[in-house]
1. Along the three principal axes, how long is the chain when you take its alpha carbons, biggest first, rounded to the nearest angstrom?
2. Can you compute 3J(HN,Hα) from phi for each residue in the stretch 273-279, using the Karplus curve 6.51 cos²θ - 1.76 cosθ + 1.60 with θ = phi - 60°, rounded to whole Hz and x for Gly and Pro?
3. Using a simple charge model, +1 on the beta-carbon of Lys and Arg, -1 on the beta-carbon of Asp and Glu, nothing else, what dipole does the chain show about its Cα centre, in debye to the nearest 20?
4. Got a sec? Which residues in the stretch 225-246 would a label at GLU340 touch, if it sits 7 Å along Cα→Cβ and we count backbone N under 20 Å?
5. Once Lys and Arg get +1 and Asp and Glu get -1 on their Cβ, which of ILE162, ALA216, LEU205 lies farthest toward the positive end of the dipole of the chain?
6. Scan around VAL21 for amide H atoms under 5 Å from its own, H built in the peptide plane at 1.01 Å from N, and keep only partners 5 or more places away or cross-chain.
7. Putting +1 on Lys and Arg Cβ atoms and -1 on Asp and Glu Cβ atoms, find which of GLN117, ASN150, ILE17 reaches farthest to the positive end of the dipole of the stretch 2-170.
8. Rounded to the nearest 500 deg cm²/dmol, what is the calculated helix-only ellipticity per residue at 222 nm for the chain, with -39500 (n - 2.57) per DSSP H run of length n ≥ 4?
Amino acid sequence: MRTLTLDLGRRSYPIFIGRDVLARRDLYSPYLDGAQVLVVTNEVVAPLYLDAVLAALDGYDVNVQVIPDGEQTKTLATFQSLLDTAVSRRMARDSAIIALGGGVVGDVAGFAAACFQRGVRFVQIPTTLLAQVDSSVGGKTAVNHPGAKNMIGAFHQPVCVIADTATLDTLPERELAAGLAEVVKYGLIRDPEFFAWIERNANALRGRDPEALAYAVERSCRNKAQVVGEDERESGARALLNLGHTFGHAIEAGLGYGQWLHGEAVAAGMCMAGDLSVRMGWFDAAELDRTCDLLSRLGLPTRAPAALSAAAMRELMGFDKKVRGGRLRLVLLRGIGAAELTATFDAAALDETLASWRQEKG
């Protein structure tokens, strides 16, 4: 097992990475103050891993809430249902909420933990690659608004993250690829050596080689922990973690949540951000080709869906949380391993990217 620490002073916490670690009681007990625990999971994950977690929590007063699977579940109604459970079970301020699942479960359970009694302890047990390398680390919690993704939420750090890489064995192929998009992101924004490693190991990653996946999870988490440790509330450098997300969130909202997976939309968004960067003279066309080729090799889309018009994309991007003073800000590339947040991009070049960087159909 590998252990990383996200350094936030008194609120620092460990990230445990290894196979078959979610059943280890010793990883939970130091971080649970009270006896009451609410485990939130979904209908896909529960049959696979819930019993192991409950065994690790033997002796605690545990309640379980199983929610439907999918991005369409990440709503205020689901958030409300978790609060209803916590209140009906008379959970106290020293209770804890544990998220067992992917990014949707982690986001909505974390938001409930942030709000219930003004904040209770929260444990992340991510079971998808995307959640292990990205959403479980850093304390962002949220639900979607019908018009914009992750628009309603709070910062609430977990007390620990238990990333069991054995859960990736049961992950559908499409979900695995979606998680690899976020892995590639870390290479693009700050870690060119990691990007080159992903290129060399793309087949091993898609083939679920345990050592390759464990290394990808550890290095991704290390990158994210460093960024969040420097900028917890996204006042500066943390915004670079949103490479491709402004385009990607527009795709998700425009198509309807769940039609494209988050990582799929981010993959296309990173290529679009790269295309705009090339049009501005910031990014070399050969590096864009290299980026999109890697994403394609990992089984990911590299262009926006034709079903979503350029005009609709542009309008949806205006809801992005990085907008300041009415001005859209984008994360663009200066090179592989070098990203920049800017509001001074060429608007005409953005329109050209939105119009041209699209699938032929679908």
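1. In descending order, the Cα extents are 60, 40, 39 Å.
2. My calculation for the stretch 273-279 gives 4, x, 4, 4, 4, 5, 4 Hz in order.
3. The dipole of the chain has a size of about 760 debye.
4. 235-246
5. ILE162
6. Sorted by chain and number, the residues that satisfy this are THR165, ALA166.
7. Positive-most Cα among the choices belongs to GLN117.
8. After summing the helix terms and dividing by residue count, I get -12500 deg cm²/dmol.
The numbers here are math on the coordinates, done by the rules we state, and not lab data. Because the structure is a prediction, the values reported are computed rather than measured. Virtual Cβ from ideal backbone geometry, glycine too; neighbours counted across all protein chains shown.
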